[in-house]
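What follows is a short report on a single structure.
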Amino acid sequence: MKHLKLFTLAVAALAVCLSVSAKPKVRIIATGGTIAGVSATSASSAYTAGQVGIQTLIDAVPQMLFLADVSGEQLVNIGSQDMNDEVWLKLAKRVNVLLNEEGYDAVVITHGTDTMEETAYFLNLTVKSDKPVILAGSMRPSTAISADGPANLYNAVAAAVSPNVKGMGVLCCMNNQLLDAKTVIKTHTIDCDTFEGGPSGIIGYVYNGEAHILQTPNNKHTVNSVFDVTQMDKLPKVGIVYGYANASPLPMQAFVDAKFDGIVLAGVGDGNFYKDVFDVAVKAQNQGIQIVRSSRCPTGPTCLNSEVDDAKYHFVAALDLNPQKARVLLMLALTQTHDWQEIQKFFMEY
Ligand code: ASP
């Protein structure tokens, strides 16, 4: 009888051990942002992003430890307005190592919201794994009344361990919603409900610790992407020029003089140039600086060969990408080719 009791206890202990080790391993990479921000008082709207560290973020959400074997690391601690190529390269390489060499089942990245969409799209094109990679941030600092960071982080971990999130590419998890890296946009400067999924809408939502998927992204990403930054320590230089009435050609000319590799136009309407800017763009393209036309309009594609004769000038149309994401794709495209038609193909596929 005594032996039976001991045996039962041993089996129970083993079951506990197995259930602990059977939890998916999720690594959180912290990069800063408002989710790690601190304000002088809980009611103050003045705060500094990127102040608290990864362990404080994890400790604030003990509930996620029931879902996953969660651990974390701090990559940088910055407001995402200071995000740059160097951090993107470090981040992409680290995510690849965690998922492909260190046995993690998913990666969650805490990130500021200002440039979250750009980082998500960069990773969508450079992560070589179909395991979940999810960015989460917040609009209110960690010290605020009703801070939104802990719920966003919990939801991101919940989504990261959902089997139905595998193969979706990189997602953002904000305000209970899952958004696709290609289409996600920050639309409001201060509201918690700021991220939208563009014309195709959200990918899904997270409710009660479970991810519900509504649709699958249909562009190429992650394991199907040709872009590989593992051996790179810098990226081609691409700038963005904003379009407006009576626009000055000086910013475009400055990028040309600084020998940038590419320039994205955030054009008016369907990616149109002011005439003086157009003249500089034609010269730049003839000098081998790739021009990509995108639009300052928040919705709608920038169409190929519409009001601008792209075929004649060898410009590329950004199609569904906004200027900041067109910049990301152009930088990566220029690591592969300088042929404008090949680059246009990338814009059709990714
Ligand atoms: N400026 C902040 C950042 O992007 C805003 C935020 O995280 O919400 O880091």
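The values are calculated or read from the model by the stated rules, or taken from the named source; none is laboratory data. Nothing here was measured: the structure is a model prediction, and the numbers come from that model. Because the Cβ atoms are built from the backbone with ideal geometry, glycine has one as well, and the counts that use them run over all protein chains shown. Ligands, DNA and RNA are excluded from the accessible area calculation, which covers all protein heavy atoms including side chains. Shrake-Rupley method; radii C 1.70, N 1.55, O 1.52, S 1.80 Å.
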Criterion violated by MET168 - all others in (1) assigned to a helix (DSSP H, G or I); (2) under 17 Å from TYR205 (Cβ atoms); (3) modelled with pLDDT of 95 or more satisfied: (1)
Residue count for segment 217-240, restricted to those that are open to solvent by less than 90 Å² (accessible area, probe 1.4 Å) and not in a helix (DSSP H, G or I): 16
Which listed residue is crowded, with 24+ Cβ neighbours inside 10 Å and either under 30 Å from LEU334 (Cβ atoms) or of a type in the set (Gly, Ala, Ser) (or both), from ASN100, ASN124: ASN124
From the options PRO150, PRO163, residue that is open to solvent by 10 Å² or more (accessible area, probe 1.4 Å) and modelled with pLDDT under 95: PRO163
The listed residue being buried (at least 16 other Cβ atoms within 10 Å of the Cβ), under 19 Å from ASN322 (Cα atoms) and at pLDDT 95 or above, out of GLY243, GLY269: GLY243
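Residues are listed down the side, and each one gets a yes or a no for (1) closer than 22 Å to ASP114 by Cα; (2) modelled with pLDDT under 95:
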{"site": "PHE255", "(1), (2)": "no, no"}
{"site": "GLN290", "(1), (2)": "no, no"}
{"site": "SER306", "(1), (2)": "no, yes"}
{"site": "ARG327", "(1), (2)": "yes, no"}
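A quick yes/no check of all residues on (1) crowded, with 24+ Cβ neighbours inside 10 Å; (2) not in a helix (DSSP H, G or I):
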{"position": "VAL308", "(1), (2)": "no, yes"}
{"position": "LYS312", "(1), (2)": "no, no"}
{"position": "LYS325", "(1), (2)": "yes, no"}
{"position": "VAL328", "(1), (2)": "yes, no"}
{"position": "GLN336", "(1), (2)": "no, yes"}
{"position": "GLN341", "(1), (2)": "no, no"}
{"position": "GLN344", "(1), (2)": "no, no"}
{"position": "PHE347", "(1), (2)": "no, no"}
Given (1) in contact with a helix residue (DSSP H, G or I) (Cβ under 9 Å, 6 or more places away or on another chain); (2) away from the ligand (no atom under 16 Å from the Cβ), number of the condition GLY137 does not satisfy: (2)
Top-ranked residue in segment 48-60 [being surrounded by fewer than 18 Cβ atoms within 10 Å (Cβ to Cβ) and of a type outside the set (Gly, Ala, Ser); ranked as nearest to the ligand (Cβ to nearest atom)]: THR48
Filtered residues of segment 103-119 (kept if under 20 Å from SER138 (Cα atoms) and open to solvent by 40 Å² or more (accessible area, probe 1.4 Å)): ASP114
